[in-house]
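Here the structure comes first, spelled out in structure tokens, and everything after it is commentary.
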Amino acid sequence: MTHDHSALLAQLDALTSAEAGSMFAELVRAGLQALIEAEATEKIGAGRYERSAERATHRNGHRAKTVSTPAGDVSVKIPKLRSGSFFPVLLERRRRIDKALHAVIMEAYVHGVSTRSVDDLVKALGVDTGVSKSEVSRICGELDKEIARFRERSLAHTTFPYVFADATYCKVRVGAHVVSQALVVATGVSMDGSREVLGTAVGDSESFEFWREFLGSLKARGLSGVQLVTSDAHAGLKAAVAQQFTNASWQRCRVHFMRNLHGAVSAKQAPVVTAAVKTIFAHTEPDDIDAQWDQVADTLEPSFPKVATMMRDGKADVLAFSGFPKAHWQKIWSNNPIERLNKEIKRRADVVEIFPNPAAFLRLATAVVIEAHDEWQVTRRYLSDVSMTELKKVIAAKQHATKALD
């Protein structure tokens, strides 16, 4: 690898100022950083500040990442790109998830609660050759520290106008019983249009108290500026959102709403209802959407009175998205993004089948969402700069209207 003269001098200064015990770690960090920059240059088609006809995109700053090495944890900088994404091949994307999964499997094995499929995986990992409870505790302890830092980090660095919340269930052993426990996840879109995972928690059920405590903890960590919360129509969640985010709108997930409508008709009738409701979301003006909603409800009334009633009762909540920039509609009118995250959690959890305790469930699930969070930081923004400027105008108008009422 090649370094320019100034970079070598900077590295020499870092080495000479480092303590004797950390000198090797600094050498490892510098080597990793050089390899990362070389790989980024190859992907981009040009070095930093280099003019090249082969350039595919430009660098757009860096993000820090902690890497565990034999010399200890070191911090490297991963280049961000203006378009596309970049992640070094040296740093495995799923390493944290796999480590958490292995820890859960070993923990289940040590406590004698593993299933046949877990036993097969344990043997494939070589754990049956001997793993002590202290070794499992050590591995879990290391993961728990990292996960706790993520779950407790401050959210005050920006505002999050859009928040998405959802839950998924897995089997967990609690005492002598195996019960279904809820993992709740919240994600947010910040004012610069990027996505973050805001938090996770495990509880017995999606009660109002549980959701209130969870959303309250996000606010305590600095969550602010919330304008719209998208979720399903779970009563406990809806009530908690109304209490914790008094000035925010609530968007009832249109996908969940369609499922609710299908539950009110037979399987043969469902396609007719779906086709009629889809005509509403084909419109691009709020007034047209509003009028089409009423027209569809009136049309379905004679044949599907339950559907018409559900539509009239849920109109304001399902159409809350229409008060925000049009460029955002498809991204905020459903919980699809967070449901994809939940599917990945379930895919990993299905390997375990029954978690040995709630902490193991939270450990694996949070490891999954941390990986997603990290990937979101190096991929393109979820919402564009131009559309976020439009959102700022919507928020300003909303605040002006509120002051006028006061």
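Neighbours of Gly203 by Cβ distance under 10 Å: Lys/Arg scored +1, Asp/Glu scored -1, total -4. Counting other Cβ atoms within 10 Å as a rough exposure proxy, the listed residues Val197, Val229, Val174 run Val174, Val197, Val229 from fewest neighbours to most.
Counting other Cβ atoms within 10 Å as a rough exposure proxy, the listed residues Glu54, Glu371 run Glu54, Glu371 from fewest neighbours to most. Taking 0.36 nm per residue of separation and subtracting the current Cα-Cα distance, fully stretching the chain between Asp287 and Glu50 would add 80.2 nm. Put in order of Cβ neighbour count within 10 Å, fewest first, the listed residues Arg149, Arg29 become Arg149, Arg29. Residue-wise HN-Hα couplings along the range 293-303, as the Karplus relation 6.51 cos²θ - 1.76 cosθ + 1.60 with θ = phi - 60° gives them from phi, are 4, 5, 5, 5, 4, 5, 5, 7, 3, x, 8 Hz; Gly and Pro carry x.
Our estimate of slack between Asn60 and Thr274, defined as 0.36 nm per intervening residue step minus the Cα-Cα distance, is 72.7 nm. Over all other residues within a Cβ to Cβ distance under 14 Å of Asp317, the charged ones net out to +2, with Lys and Arg as +1 and Asp and Glu as -1.
Where a number appears in this text, it was derived from the coordinates with a stated rule and is not lab data. This is a predicted model, so every value here is computed, not measured. Quick reminder, even Gly has a Cβ in these numbers, built from the backbone with ideal geometry, and neighbours come from all protein chains shown.
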